[in-house]
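Note sheet for the following structure.
The values are calculated or read from the model by the stated rules, or taken from the named source; none is laboratory data. Since the model is a prediction, treat every value here as computed from it, not as a measurement. Positions of Cβ are backbone-derived with ideal geometry, glycine not excepted, and every protein chain shown enters the neighbour counts.
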Amino acid sequence: MNKKKKLSILISIVLVTITILLTFTFCSDSYKLDYGNGTTRLGDTQHIGTVVCAVKSKNDEFKVDEVEFDVYFGSIEELKLYDNDDYELVSYAIYFVNVNYIFDMGSRFYPQNIYSDYKNIEGYHFIKELSFEEFSKDDYKAKIRTFSNPKINHHEKIKVPAEVFEGDSGQFAFVIVPICAMKKEDGYFIGPYQNGYGKLHINYEYTNESTVKLFSIFGYNK
């Protein structure tokens, strides 16, 4: 067998191996709903902000008031403690929100919307908040990997408020954002998206009056 033919065979083997790896990475159903951040797909190294998020569930159909699954989230970069003459970091807040409201929350770079109570924003269902010190711990770290799912240390079971499921079908998001307090006036706003910001979108549709089916925004398990 000449060198040229051997090289051709070797290249073919490498290409087949890469195809198998990518198929496993992008089509695995171990995370039935979605495993990525924002609108990225399974295993993609792109992200929105610095927090990667994921959802893991054995089920994809629930009673609308019993939707609960494991949420994975963690920062892929060191968090920065916002503090200047105009504002300071309060915490990192976690919400579930129907996407009909998601663009009303605030500017990515500077406050356009000021809220008197960040735990009571229309359309945003407050779940909990984490202090800077807590969210900076190793338990909340994450790492993007090229040929595998992101490594996310922290996960917890969270129930989705039934009010998120508006209409016969739609999309909602798990959102974690930095909350900042104004120093020269009363109010709060959403801090810069480059640090401590993440979201994960999930589609839903009602299968009957009391049951919803959830699926990836790419329709993997629909």
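Some points to look at:
- Strands (runs of 3 or more DSSP E) (entirely within segment 179-220) containing at least 1 residues that are charged (D, E, K, R) and at pLDDT 80 or above: 198-208, 211-215
- Any hit, segment 195-211, residues being surrounded by 21 or more Cβ atoms within 10 Å (Cβ to Cβ) and on the phi > 0 side of the Ramachandran plot: yes
- Count - residues of segment 160-175 that are assigned to a helix (DSSP H, G or I) and not acidic (Asp, Glu): 2
- Pairs, first more than 25 Å from residue 129 (Cβ to Cβ) in segment 192-214, second of a type in the set (Phe, Trp, Tyr) and modelled with pLDDT under 85, C-beta under 7 Å, six or more apart: 203/215
- Within the set 62, 96, 73, the sole residue that is over 27 Å from residue 190 (Cβ atoms), modelled with pLDDT of 85 or more and part of a strand (DSSP E or B) turns out to be 62.
- Those residues of segment 131-160 which are surrounded by 17 or more Cβ atoms within 10 Å (Cβ to Cβ) and more than 15 Å from the chain's Cα centre (by Cα), in sequence order: 132, 135, 136
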